[in-house]
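Just so it is clear, none of the values below were taken in a lab; they were calculated from the coordinates. The model shown is predicted, which means the values in this text are computed figures rather than measured ones. Cβ coordinates were reconstructed from backbone atoms using ideal geometry, including for glycine residues, and neighbour counts include every protein chain displayed.
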Amino acid sequence: MSGRAMWTLAIVVSATLEFSVAAQRSGQTGAPQPMTLTALDYFEIGQLVARYARAIDTCSNNGYDYADLFTADGFFAPAKDGVVGARWQGRERLAEASGGGVRGCKNVGWIRQGVRHIYVNHIITPSAGGATGTVDMLMIGLDGDPGKIRHDGYYADTYTKTPQGWRFTSRIHHVAVSPIGNAPAPQAQPAR
């Protein structure tokens, strides 16, 4: 190998090592870094979740207010025992998921009962593409009883910031396996 080739190889190896050390020091591993969320971003994501509750509880604008909370390719899906069910995707299907669209907001069980959705324990985590979140769902007013509250699982969300504001990219409702109201009574323990 000529002196010039050796010199070129030494420079390439040295530059590669310096780049590798610098990347390790700064914590960069090539993986996309989470975006930095501002206080306004956290607030707007919280408002998105609140608007979701209002839209699904009222079937406003024939369900399209609900559908418009999602990105164009966004979806809602139920999940039970860790298995994600059918996706409601696209504006028309999402409007149907809330009782609207071709369903016309008629005979929507939770609306007929006067049920309201309440979301609590909302945790938002920055991600490379926007943010993810989890939030518990409570339903109040079941069976026409305004005082009846039941925990009905949680949502696992993916949020994306669009020119129209924050939107759901995905919203998966992890249905409670044994809601508190339907849980079996505890068995009596033998005296010790």
Query raised in the report: Taking 0.36 nm per intervening residue step and subtracting the Cα-Cα distance, what contour gain separates K148 from R103 on full extension?
Result: 13.5 nm
Query raised in the report: What number comes out for the charge environment of T160, summing +1 per Lys or Arg and -1 per Asp or Glu over other residues with Cβ under 10 Å away?
Result: +1
Query raised in the report: Using 0.36 nm per residue, how much length does the chain from I140 to K80 gain when fully extended, once their Cα-Cα distance is taken away?
Result: 19.5 nm
Query raised in the report: Which of the aspartates and glutamates could be linked to K80 by a straight reach, that is with a Cα gap under 12 Å, when you skip same-chain ones fewer than 8 residues away?
Result: D152
Query raised in the report: Leaving out same-chain residues fewer than 8 places away, which aspartates and glutamates sit with a Cα under 14 Å from that of K106?
Result: D57, E96
